[in-house]
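Working notes for the structure below.
Just so you know, all these numbers are worked out from the coordinates, no wet-lab data involved. Everything numeric here is computed off the predicted structure, so don't read it as measured data. Neighbour counts run over all protein chains shown; Cβ positions are idealised from the backbone, glycine included.
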Amino acid sequence: MTKTFDIAVFQGDGIGPEITAPTVSILKTLAAASDDYGLNFIDAPAGAAHYRDTGTSFPDASMAIATNADAILLSAMGLPDVRYPDGTEISPQIDLRKRLGLFAGVRPVTVRTGQTTPLNLPANKEIDFVLIRESTEGLFHTQGCGEVSADEARETLLITREVSEKLFRFAFQLAHGRKAAGRGSGRVTCVDKANVFRAFAFFREMFDAEAKNHPDLTADHAYVDATALWMVQKPWEFDVLVTENMFGDILSDLGAGLMGGLGLAPSADIGLNNAVFQPCHGSAPDIAGQGVANPFAMILSAAMMLEWLGTSHKIAALSRDAARLRTAVEHVVADESTLTRDLGGTAGTEAAAKAVLNAVLT
Ligand code: ATP
Ligand code: MG
């Protein structure tokens, strides 16, 4: 019997709906052509525009759709001129991360031959690594609630055994999956600052303990400062990097920079039972409604979703379609005529997405 997956779709704010529609349409085409799986899309209203129009940013019904779905596809939420009365930003994606316990922020960094990068890559080198950012604790633990007096401010760095063990198990599993797919060298690097902070020595101990369960993979450590240097000097040597929340926040922007910006940067926030897939960029209100937004990061996030569903449910057709979709985007991005404005081209959202669909179908 073919399994049909429920996908919660958060169209979000700004350019969100413009990049969501063609992405869902590509996914529907792939699913319709497959005998091995089905996809059922359920719209979940939420976000800043929803708050402006209804007084609620994240309706309970939308949270229920997300909680019950097999996976969640989200574009971007938030608008600069719509805020809660206390001035804080409207970001239902953070509520989702907390509510669903999405502890692993997954940020793939890929630069294929011919793709624009600010690095001067040797001709025979491509970049293909994944950064995993712990997303629920670390230096973001006291987020917004640090202690501040007139003369002093303190924040807490929290590392727990429970979350770290889940995080490292996930990292090694991801490395196994990549190795099996012929990507990556089967190397997992724990990025920390264990020479200075006892919390990171603790983090590292748990990493080493998990590594013992994976003798067929290479496990090593790197300090975060050295990692920043190597991401620029020899990024092709990395496979899977796993790190604390704040370090991951910073390194993932560096990773997006290596890819030539946010335009091609997908991401996933993964927990034990659910996951959110969304582009790294924001809602880009400055270009919303003009039909010029770049849909590639959103489409690549959808490919990550297929990959995750395929791995979690052991359905090879989903993993194959994920690879097809990724390859299609790589193909389209290598052709100047279908690049969007942010990538130096002139194509609109519709033309760019159509090119991906055509590449998928051929
Ligand atoms: P957030 O706080 O939600 O991350 P941000 O302030 O970082 O948002 P973005 O919304 O990511 O900002 O936009 C930053 C710049 O990048 C803007 O000029 C925007 O137009 C551009 N941009 C972002 N995403 C896209 C996209 N998909 N296509 C084209 N341009 C984009
Ligand atoms: Mg931003």
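The lysine pair tally for the chain, using Cα distances under 23 Å and a gap of 8 or more places or different chains, is 16. Roughly how many Å is it from the Cα centre of the stretch 181-227 to that of the stretch 271-342, as a whole number? Measuring centre to centre over Cα atoms gives 28 Å. The overall shape of the stretch 106-264, judged from the alpha-carbon gyration tensor, is oblate: a/c is not under 1.5, and a/b is no greater than b/c. Rounded to the nearest 500, the 222 nm mean residue ellipticity of the chain from helices alone is -13000 deg cm²/dmol, with -39,500 (n - 2.57) taken per DSSP H run of at least 4 residues.
Placing unit charges on the Cβ atoms of the charged side chains and taking the dipole of the chain about its Cα centre, the candidate lying farthest along the positive direction among Ala317, Ala359, Leu306 is Ala317.
Only the Cβ atoms of Lys and Arg (+1) and of Asp and Glu (-1) were treated as charged; on that basis the dipole of the chain about its Cα centre amounts to roughly 960 debye.
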